[in-house]
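**Student:** Submitted below is the structure of interest, expressed as structure tokens.
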Amino acid sequence: MAAAPVSLGTQIREELSCSICLELFTRPKVLPCQHTFCQDCLQDHAGREGTIQCPNCRQKTRLPPQGVAGLPNNHIIANMCETLQQQTSLSEETLEQPQSENTCSSHPSEGIKLYCKHCQIPICEQCLEETHDDHLTTTIKKAAQQRCSTVQELLSEGRNILESYFDFLKSLREEEETLIDNKKQTHTDILQAYKQKVKELREGRDHLLSEADKNHTKNLDRIQIEKDRFLADINELSAACDQAEQELQQGWVELLSQPTVLTEVVGKYRRRGAPTPVQTQSTFFQPVDTPGPKLGHVMVQSSAPNPTTALPESSNVAARDTDHHNGNRRQREQRVTFSIRGSSATGGISYLPGVTVSDEGEIFIADKWNQRIQVFTLQGTFVRQFQTVVSGEEKIEPHDVAMDGEGNLWVVGKSRYDREFAVQYNKQGKVLRKIDLEASPFGCLRGVAVDIRRNHILITQNAGVTDIQPGKIQVFEPDGTLVRTVGACTTWLGWFASLLWHRIIRMKYPMYITVDGEGNILVSDSMDNCVYVYRDDGQFLFQFGSTGSGEGQLNCPYGICTDRAGNIIVADTGNRRVEKFDKTGKFLRHITTDMKYPQAVAMSTKGQLVITNDNDNSVSIFKNF
């Protein structure tokens with residue numbers, strides 16, 4: 001039992017010691033994780049970014065504006081340390097004081113030899129004679145032995161109580177550490193479950209979009225077949241009518257003397273009757289709830305099954321001449337088309353959302369699913385390819401590609417870690433620099449363009465399907481410095497200016513972007529079915545296009561570029577055509593109307609127009625348009 005007080009005191013002192021300096025706490029400060037340290041120790045341990053990491057549990061905490069001094073004080077620990085220091089000081093003073101002689105306080109010349117049990121005080125012989133003669137007394141030694149026995153029992157009981165309190169505090173500390181570990185594990189489990197669910201949703205989204213596209217393509221093919229069949233009938237009937245009109249103009253004698261085929265042709269189509277509408281497979285989306293806490297998913301259903309047939313890997317380059325009518329003008333279109341099917345073979349393209357052309361006439365195509373850039377000549381010859389690597393093993397799926405004034409490429413895309421970048425490559429695929437981008441909603445496509453005169457990189461950021469935040473264009477320096485944001489009304493002046501156009505100017509789904517020769521910014525909005533035009537400083541100029549299929553109307557516009565005269569070329573994807581407008585947005589004519597899914601467009605320095613067709617993984621080069 002003799003060593004117990006020393007052991008207990010040592011343990012209490014350890015509990016009141018800082019785990020950094022191993023001394024009693026000085027101005028103890030408590031962190032949000034409930035661990036306590038000296039203020040000076042925390043000050044030395046704090047980082048420069050205004051954060052601090054707990055030395056015990058490694059939990060990071062952002063410091064208040066006052067720094068470590070602004071953290072809350074641990075008053076209980078401070079009071080306990082002060083009490084322990086006072087007791088230590090008193091013990092040292094008691095040891096240093098000389099032991100006083102056992103003399104009577106009433107009779108200093110007399111020594112204390114007796115103890116009065118009645119008055120419970122030590123007395124001398126003279127006190128006994130004067131005051132305590134009739135009281136029960138005993139020797140001072142015997143009285144001390146009895147008192148020591150009682151005090152020892154109380155002391156043992158008190159130390160046992162302190163030991164139980166100490167064990168309770170120890171159990172609380174262990175429970176605290178267990179709670180911290182459980183919190184970390186819970187956070188880890190939640191993040192893993194969230195990432196897995198996001199992955200499943202993304203895969204489900206891609207599958208649903210693919211099925212919807214296949215069904216849409218099949219319907220369009222069925223309509224095209226019907227159109228081709230009836231166009232032949234129309235030509236036959238039209239030719240018969242034209243011949244009959246010419247016979248009428250020649251006079252009655254010629255009409256009576258020459259047989260006409262009009263009667264035969266009209267009778268033929270009279271027997272057939274009027275054509276019936278083409279039956280297409282309707283696609284609808286139905287939310288499906290799953291039991292338990294899982295998220296719901298979306299199911300695509302069609303009125304008939306839609307089997308897919310694997311396409312063999314093949315390539316071809318075809319050139320053709322086509323006559324185009326534009327009012328009274330007739331011009332001859334020269335087109336080179338090359339198509340390479342297959343997902344991973346050299347030259348094979350799986351999804352081509354972006355294209356640009358170098359001054360040397362090389363076509364750079366964004367091969368999204370294969371995470372690479374492919375290079376062809378303007379004659380359709382494959383040259384080379386390179387992977388769109390960001391750093392190390394991390395690759396991006398390229399969304400769009402643009403050429404800067406130094407002949408380097410800027411590619412925007414998204415990695416499998418849901419991080420989005422704009423990466424600068426040289427023409428051989430070497431990474432030169434990159435810009436980290438804020439994530440776009442639902443992994444939507446984004447476009448990129450380069451303002452060569454100012455060496456600015458312009459990147460679209462769409463609002464997604466919620467339309468809560470407007471779409472915008474972010475303008476960067478090549479080192480990643482954000483110059484300005486275009487398209488979102490973030491100031492009262494911009495909001496008031498938009499009212500002059502009788503509505504708030506809000507891009508919903510800006511996708512493809514280009515910069516014309518005057519530095520104006522043109523961006524296609526595939527949800528608003530129009531093109532927005534801004535000045536180089538971000539001021540809104542005008543917009544053109546409207547929803548529909550008539551001349552000058554748009555349906556899901558994608559790629560956009562300008563020619564040397566400033567005319568604007570737009571891939572009118574939903575209407576399966578490419579349209580040409582002048583620099584004011586006035587419709588000029590249709591460049592082509594026989595592409596099933598024109599996606600991206602680019603103009604070469606010599607005036608050739610390059611168009612990617614996502615439906616059959618083909619690229620067409622128009623020499624005259």
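**Student:** Might you check whether a residue that is closer than 29 Å to A212 by Cα, among the basic types (K, R) and either buried (at least 20 other Cβ atoms within 10 Å of the Cβ) or touching a helix residue (DSSP H, G or I) at 6+ places or on another chain (Cβ under 9 Å) (or both) occurs anywhere in the range 508-527?
**Tutor:** The answer is no, given that none of the residues of the range 508-527 is closer than 29 Å to A212 by Cα, among the basic types (K, R) and either buried (at least 20 other Cβ atoms within 10 Å of the Cβ) or touching a helix residue (DSSP H, G or I) at 6+ places or on another chain (Cβ under 9 Å) (or both).
**Student:** Continuing with the same structure: Report the residue count in the range 127-144 for those that are in contact with a strand residue (DSSP E or B) (Cβ under 7 Å, 6 or more places away or on another chain), surrounded by 12 or more Cβ atoms within 10 Å (Cβ to Cβ) and under 19 Å from N102 (Cα atoms).
**Tutor:** First, the residues of the range 127-144 that are in contact with a strand residue (DSSP E or B) (Cβ under 7 Å, 6 or more places away or on another chain): 128, 132, 135, 137-140, 143.
Filter once more, so that each one left must be surrounded by 12 or more Cβ atoms within 10 Å (Cβ to Cβ): 128, 132, 135, 137-138, 140, 143.
Applying the additional criterion that residues be under 19 Å from N102 (Cα atoms) yields 128, 132, 137-138, 140, 143.
Count: 6.
**Student:** Scan (1) in a strand (DSSP E or B); (2) of a type outside the set (V, I, T); (3) farther than 23 Å from Q599 by Cα for the single condition D400 breaks and write down its number.
**Tutor:** Going through the list (1) in a strand (DSSP E or B); (2) of a type outside the set (V, I, T); (3) farther than 23 Å from Q599 by Cα, D400 breaks only (3).
**Student:** Continuing with this model, one more query. Give the number of residues within the range 57-76 that are free of Cβ contacts under 8 Å to residues at least 40 places away in the same chain, surrounded by 11 or more Cβ atoms within 10 Å (Cβ to Cβ) and in a loop (DSSP other than H, G, I, E, B).
**Tutor:** Selection size over the range 57-76: 2.
**Student:** Would you call G559 modelled with pLDDT of 90 or more and not in a strand (DSSP E or B)? It would help to see each step written out before you state the result.
**Tutor:** Values: modelled with pLDDT of 90 or more: yes; not in a strand (DSSP E or B): no.
Against the criterion (modelled with pLDDT of 90 or more and not in a strand (DSSP E or B)), G559 does not qualify.
**Student:** Pick out the one residue from E420, E393 that is of a type outside the set (F, W, Y), at pLDDT below 95, in contact with a Lys or Arg (Cβ under 6 Å, 6 or more places away or on another chain) and assigned by TED's automatic domain parsing to the domain that holds Q474. Outline the logic, then answer.
**Tutor:** Working: E393 fails: in contact with a Lys or Arg (Cβ under 6 Å, 6 or more places away or on another chain).
None of the other options fit; the residue is E420.
**Student:** Restricting to the range 161-187, name every residue that is of a type in the set (V, I, T) and in contact (Cβ under 8 Å) with a residue 12 or more places away in the chain.
**Tutor:** In the first step, residues of the range 161-187 are kept if they are of a type in the set (V, I, T); the result is 161, 178, 180, 186.
Answer for the range 161-187, where residues must be of a type in the set (V, I, T) and in contact (Cβ under 8 Å) with a residue 12 or more places away in the chain: just I180.
**Student:** Check V475, V486 and return the single one that is closer than 18 Å to F540 by Cβ, out of contact with any Asp or Glu (no Cβ under 7 Å at 6 or more places or on another chain) and at pLDDT 95 or above. Walk me through it before giving the result.
**Tutor:** On the way: V486 fails: at pLDDT 95 or above.
Residue meeting the stated conditions: V475.
**Student:** Going by what's in this entry, would Q97 be described as at pLDDT below 80 and surrounded by 10 or more Cβ atoms within 10 Å (Cβ to Cβ)?
**Tutor:** On the way: at pLDDT below 80: yes; surrounded by 10 or more Cβ atoms within 10 Å (Cβ to Cβ): no.
No; evaluated as a whole, the condition is false for this residue.
The values are calculated or read from the model by the stated rules, or taken from the named source; none is laboratory data. These figures come from a predicted structure and were not determined experimentally. With ideal geometry, Cβ positions are generated from the backbone for all residues, glycine too; neighbour counts draw on all protein chains shown.
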